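The values are calculated or read from the model by the stated rules, or taken from the named source; none is laboratory data. Keep in mind that this is a model prediction, so the values were computed, not measured. Neighbour counts run over all protein chains shown; Cβ positions are idealised from the backbone, glycine included. Remember, those area values only see protein heavy atoms, side chains included, never the ligands or the DNA or RNA. Shrake-Rupley method; radii C 1.70, N 1.55, O 1.52, S 1.80 Å.
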Amino acid sequence: GTGHPKEETSIYRRHNVTSSGALLLNTSGSDVVGHRPALTLEGYLSLCQARDAEALVVEKWMGRLGNKLWQVHTSVRLAQAAGRRFVQLPGIIEERVLKLPKRLPV
């Protein structure tokens, strides 16, 4: 063999998503991550975040409080890098712990 992992189906390769659902995102400007093509930040925004030009949208909460806080952190940093003014949250995280607006300014 070539030493390369088995090629993934074309739908995954076309959207730079692994079969496990992980997005191959590259913000370095290079067009390759390992041997797979990668998306630029601009490509990710146009493919997955095109509905609202002012906000980065978090579609749904994943997991419990710690994961949700990490989603907020990552989304804020990504919005800052993309020049977006807001992060649109899917709802309340945990009202008795932290109250954030649904449209969070960054």
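If a residue has to be under 18 Å from the mean Cα position of the chain (by Cα) and not aliphatic (A, V, I, L, M) to count, how many in the range 84-100 make the cut?
So the answer is 6.
May I ask you to list the residues in the range 43-59 that are closer than 17 Å to PHE86 by Cα and open to solvent by 50 Å² or more (accessible area, probe 1.4 Å)?
SER46, CYS48, ALA50, ARG51, ALA53, GLU54, GLU59
For residues that are in contact with a helix residue (DSSP H, G or I) (Cβ under 9 Å, 6 or more places away or on another chain) and not small (Gly, Ala, Ser), scanning just the range 60-77, find the one that is surrounded by the most Cβ atoms within 10 Å (Cβ to Cβ).
Applying the filter and picking the extreme gives TRP61.
Here is a check on your reading of the model: is VAL87 under 17 Å from LEU41 (Cα atoms) and either in contact with a strand residue (DSSP E or B) (Cβ under 7 Å, 6 or more places away or on another chain) or not in a loop (DSSP other than H, G, I, E, B) (or both)? First the steps, then the outcome.
Values: under 17 Å from LEU41 (Cα atoms): yes; either in contact with a strand residue (DSSP E or B) (Cβ under 7 Å, 6 or more places away or on another chain) or not in a loop (DSSP other than H, G, I, E, B) (or both): yes.
So VAL87 fits the description; yes.
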